[in-house]
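Read-outs: derived from the displayed coordinates by stated rules, not from any lab. Please read all numbers here as calculations on a predicted model, not as lab measurements. Quick reminder, even Gly has a Cβ in these numbers, built from the backbone with ideal geometry, and neighbours come from all protein chains shown.
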Amino acid sequence: MSERPFSRYPVLNQVWILSKKCKPRLYFFMWTNYLKIAWRNLLRHRNYSLLNMAGLAVGLASSVLILLWVNYEVSHDQFHARHDRIYRIMLNLSSPSNETQTYDAVPMPMAEEIKAKVPGVERATRYSWGERSLFSFGEKSIIEEGRAAEPDFLKIFSFELLEGDPATALTEPNTLLLTQRLARKYFGDTNPIGKQIQLERAETYRIVGVIADIPPNSSLNFGYLRPFRTEELQSTNWGENNIQLFTLLAPEASPAAVQTQLQRIVQRQLPTLKNRTYFLQSLNDWYLRSNFKNGKYSGNGRIVYVWLFALVAGFIILIAGINFVNLSTARATQRAKEVGVRKVAGASRGTLVGQFLSESFVLTGIAGIVAIGLVLTALPFYNELFEKNNSGAPAELLISIDWHDPRYYVAYGAILALLGLSAGLYPAFVMSSFQPARVLKGIRDKQSQNTIRLRESLVVVQFVCSILLLAGTIVIYRQIQFIQNINLGYQKDNVVYFSTGNIDIATIEPILEAFAQTPGVQNLTRANTDFLGVARATYPDWPGQTSSARALTGVLNGDEDLLATMGIQLKAGRDFSHSFGTDSANVLLNEEAVKQFGFKNPVGHPITVDGISGSVIGVVKNFHLTTVHSRIEPLIIRCQPLETHLLFARLDGRNIPGTLRAMEQIYQKLNPGFPLNFSFLDQSYDSMYRSERQVSTLAKWFTGLTLFISCLGLFGLATFTAETRTKEIGVRKVLGASVVSIVTLLSKDFLKLVLIAMVIASPIAWYAMNEWLSDFAYKIDISWWVFALAGGRAVGIALLTVSFQSVKAALMNPVKSLRSE
């Protein structure tokens, strides 16, 4: 084409030149016109517009909330500047007769050895298991939780020191670093540096630093830090794994090479022990990938829930998008005559495409704004659901939208653009290709049939997702109920426990006697575990022991009242007794220990534990000392009251508050200045499954929202179908059709689609839930009725949704529907 196509006609030629110069302005006016027409169309069909926007807004808001949680989960420990170079050293301890166990424990002398002899280790710090100490300042005496650490701790991790000198922190004895929260708690707004606090009313510690509040997405949590005491670091025993060790590798260091060097050092120190290996675990995996099985990462852990809910967010966006596309295409097909008239009047295909897309983007944009409003309204309740506010962290550290991060805007804008294009492109290109003559004559072509099939396919996909979520929710709920009601082998209800670490040996017996006489207290016992995990493990010996019978065995220290207080059942032999002075050397075994040791007649069998020789005097039934994610391990119970640090009291449950007040008064009288900080065993047990309960709650909420969004779309389609068949319904009623037959006519096609979705979703849901349950050693069986119930609920909800509009159409006066003919 020449540059001047109208050169023979001067006036037209000037218009052509002017249009080229003013092209941006013409585009502006064109799109402004599109938007005006789009807005008028939305107002004209306001019911469909509201349905479309409501479904899309709720879907977007739900997905955003889930993705904010996913982002929060994967951001754990990422605030450390060198998180990709920080590792902890893990231990794999194996035996010939049972699986390899993994622990985050190493020998005390390993830290200095690897710093001196392993190339690539830039820094290393030992870190204690944690302690609860009585803080006394003025009139305040409160138990606080803290850790012991070495100076390199603050150089490896990015915990900000707000007050104090980083060069001398954790170097001087009897000094403390407090978190901001503890500093405010004891000193208010005054500077705490140089002030003194008593620990256990025995030692005075000087405050030398204040650490910024620890973010809630940190794997390491503490209220205070103190340097190790000299005597705590003196152990040179490489055979005892009793401390945690963190390392910072040099930028060019290879973790595999460091691990190899580390193992060589251990082999030199322990040449005869072949059952232990050490490996490095990256800080990036501490929170998300902490489940190990037989010495290797099992593929489970928190990351499973992250992927699960990322998938749920995808499902919800998909369902909301399907609703949007379905209703948009349904309405578009009703505008065929409008398109025909526009094309006759000279509208180009590009103009029509632009018109449909502008309407889609207007609707998507409004829904996107409403969704953000819903998210901001829901965020406070959302944080409460995940107990994020319990951390004491400031609001900006909780699950929230970071308005300063451009990635949020880009991601959200991309989702809205994709939804707008998805809903607008198909009707735009299909409708703009209609032939005006055929459209204006009312002839339906193949494209209309294709649109119907597309809508049906999308409804099937939508309900497949809904039924998957519904079946998954039922399975998760049943597994959580199973966990909470499983027979643990001991009775956890009405049991309180507290630490005896600050009670003098000479004082503890009077306290026990006074507690035993307190109304409401049934039994008392002492133990070295809170019954939520094995406190320690050892390798027992006995005459004639074979290598295959050698097993790493947990040790539970208690007293003569342990079984009676905790409700542990004796299967054979006798319990510990004050009448037998030798019971301090004798032991009880659980059934799993008898099985793995190969004892045919265990009672009376000689056994040596930690160098103390005695006999097996009884066998107890298996009971859980860890979560039901793990199988019950072999266990030895010893009568060693002096090697315990927890006291358990079983209450009768009639007046628990009154009993606890009486116990507190007795404790204050016999151990003045020390508060009685107790915990309920059943609450501590339930806290182990907080993640599973959160997943169950989330699944219930978002499954409900998913069904709501699906039914909004189904309601819109049912309304549209009823409108398009109004005259057909009128004719049928005139010919004698009943209300039931018309309702059946309008409902059966939708129900057929839901049933197809049920058939497709059931095997997928069965496979996915079996994979999730594989992380539990003790779990429910997935019965066929779970899928029948999930599908039945989906069918029932769909039937109610469709029937409402179907009954309304069936009851319509046929005279009104036929009047226009």
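A few remarks follow.
- FRET efficiency, Tyr767 to Arg693 (Cβ-Cβ, R0 25 Å, nearest 0.05): 0.55
- Size of charge dipole - the stretch 458-605 - debye, nearest 20, with Cβ of Lys, Arg +1 and Asp, Glu -1, no other charges: 740 debye
- As a rough footprinting exposure proxy, the listed residues Lys274, Lys595 were ranked by other beta carbons within 10 Å of their own, and the order from fewest upward is Lys274, Lys595.
- Cross-link partners for Lys115 among the aspartates and glutamates, with Cα-Cα distance under 18 Å and sequence neighbours closer than 8 places in the same chain left out: Glu150, Asp152, Glu252.
- The stretch between Ile756 and Trp129 holds 220.2 nm of extra length on full extension. This uses 0.36 nm per residue minus the Cα-Cα distance.
- All-pairs alpha carbon distance profile, the stretch 110-175, 10 Å steps from 0, percent: 17, 39, 33, 9, 3, 0
- Bridgeable aspartates and glutamates around Lys748 (alpha carbons under 15 Å apart, same-chain partners fewer than 8 residues away excluded): Glu456.
- Burial ordering of Asp575, Asp559, fewest other beta-carbon atoms within 10 Å first: Asp575, Asp559
- Residues with amide H under 5 Å from that of Lys779, placed H, sequence gap 5 or more: none
- The amide H of Leu556, built 1.01 Å from its N in the peptide plane, has Ile636, Ile637, Arg638 as neighbours under 5 Å, considering only residues 5 or more places off or on other chains.
- Averaged over residues, the count of other Cβ atoms within 10 Å places the peptides 786-792, 55-61 in the sequence 55-61, 786-792, highest first.
- Per-residue HN-Hα couplings for the stretch 54-65 [Karplus 6.51, -1.76, 1.60; θ = phi - 60°; Hz; x = Gly/Pro]: 4, x, 5, 5, 5, x, 5, 4, 4, 5, 4, 4
- Karplus-based coupling profile of the stretch 160-167, in residue order and whole Hz: 6, 8, 6, 10, x, 9, x, 5, with θ = phi - 60° in 6.51 cos²θ - 1.76 cosθ + 1.60 and x standing for Gly or Pro.
- Taking a sphere under 14 Å around the Cβ of Ile483 and counting the other residues whose Cβ falls inside, with K and R at +1 and D and E at -1, yields a net charge of +1.
- FRET efficiency, 1/(1 + (r/R0)^6) with R0 60 Å, evaluated for Thr204 and Ala777 via beta carbons: 0.80
- Pair Asn242, Lys748: separation of 7 Å Cα→Cβ label points (nm): 8.0 nm
- Karplus 3J(HN,Hα) series, Hz, for the stretch 777-786 with 6.51 cos²θ - 1.76 cosθ + 1.60 (x for Gly, Pro): 6, 10, 8, 7, 8, 7, 8, 4, 5, 4
- For the residue pairs Lys700/Lys752; Lys155/Lys293; Lys274/Lys595; Lys140/Lys669, the C-alpha atoms sit more than 21 angstrom apart in Lys700/Lys752; Lys155/Lys293; Lys274/Lys595.
- Cα centroid separation - the stretch 535-561 against the stretch 758-785, whole Å: 37 Å
- For Lys492, the aspartates and glutamates whose Cα comes closer than 16 Å to its Cα, not counting residues fewer than 8 places off in the same chain, are Asp530, Asp561, Asp652, Asp682, Asp686.
- With 5 Å bins from 0: P(r) over the stretch 631-680, alpha-carbon pairs, percent: 4, 14, 19, 18, 17, 12, 8, 6, 1
- Extension gain (nm, one decimal) between Val731 and Leu418, 0.36 nm per residue minus Cα-Cα: 108.5 nm
- Inter-part distance where the stretch 152-200 and the stretch 471-505 are each reduced to a Cα centre, Å: 36 Å
- Under 5 Å from the amide H of Gly573 lie the amide H atoms of Val619, each residue being 5 or more positions distant or on a separate chain, with H modelled from the backbone and absent for Pro and chain starts.
- Label-point separation, Ser577 to Phe482 (7 Å along Cα→Cβ), nm: 4.1 nm
- One decimal place: the segment Asn677-Val410 gains 91.2 nm when fully extended, by the rule 0.36 nm per residue minus the C-alpha distance.
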